[in-house]
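Working notes for the structure below.
The values are calculated or read from the model by the stated rules, or taken from the named source; none is laboratory data. Note that the structure is predicted; figures quoted are calculated from it, not measured. Glycine also receives a Cβ, built like all others from the backbone with ideal geometry; neighbour counts cover every protein chain displayed. Side chains are part of the model used for accessible areas, which takes the heavy atoms of the whole protein and leaves out ligands, DNA and RNA. Shrake-Rupley method; radii C 1.70, N 1.55, O 1.52, S 1.80 Å.
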Amino acid sequence: MKLFIKDIVQDTYTNASGFVLLTVLKDYFKSGQPVILSFKDATPPSSSFLNSSIGELLDQFGFAKFKSMVKLVDLNATQVQVLKNYFLSCDCKS
């Protein structure tokens, strides 16, 4: 299933928006259905947004499960850098 962040949340800055994305993604995780998550036309995510969405998924399901369930696509250079920094700084590789 391909999901577009811009169709799920109004912004990628707040914890509230991150929680909305988390809720949607958790349903896919629970059903075992992999997701292609598109960043097309989305702004670079803030750490608050990432902590409340991807960070929570990593805490609840682990990095290996996240990698097997979510493919991040349609990223611009800024989004790539933000996400790269986020994954490097989090304690999520276990």
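Residues that are aliphatic (A, V, I, L, M) and open to solvent by 30 Å² or more (accessible area, probe 1.4 Å), at least 1 per element: which helices (runs of 4 or more DSSP H) completely within the range 48-94 meet that?
Passing ranges, in order: 63-69, 77-89.
Restricting the first residue to the range 73-89 and requiring it to be of a type in the set (Phe, Trp, Tyr), which pairs with a second residue that is in a helix (DSSP H, G or I) meet a Cβ separation below 7 Å and a spacing of at least six or different chains?
Pairs that qualify, where the first residue is of a type in the set (Phe, Trp, Tyr) and the partner is in a helix (DSSP H, G or I), are Tyr86/Ser47; Tyr86/Leu50.
Would you confirm, using the coordinates I've provided, whether Val9 is open to solvent by less than 40 Å² (accessible area, probe 1.4 Å) and over 10 Å from the mean Cα position of the chain (by Cα)?
yes
Could you list all residues from the range 1-26 that are farther than 13 Å from Ser53 by Cβ and of a type in the set (D, E, K, R)?
Lys2, Lys6, Asp7 - these are the residues of the range 1-26 that are farther than 13 Å from Ser53 by Cβ and of a type in the set (D, E, K, R).
Go through (1) at pLDDT 95 or above; (2) open to solvent by less than 10 Å² (accessible area, probe 1.4 Å) one by one and return the number of the condition Thr14 breaks.
Looking at each condition in turn, Thr14 falls short on (2).
Could you grab me the full set of residues in the range 15-37 that are closer than 11 Å to Ile5 by Cβ and either part of a helix (DSSP H, G or I) or out of contact with any strand residue (DSSP E or B) (no Cβ under 7 Å at 6 or more places or on another chain) (or both)?
Those that are closer than 11 Å to Ile5 by Cβ and either part of a helix (DSSP H, G or I) or out of contact with any strand residue (DSSP E or B) (no Cβ under 7 Å at 6 or more places or on another chain) (or both): Ser17, Gly18, Val20, Leu21, Val24, Leu25.
Quick check on Phe19: is it under 11 Å from the mean Cα position of the chain (by Cα) and either more than 20 Å from Cys90 (Cα to Cα) or open to solvent by less than 30 Å² (accessible area, probe 1.4 Å) (or both)?
No; evaluated as a whole, the condition is false for this residue.
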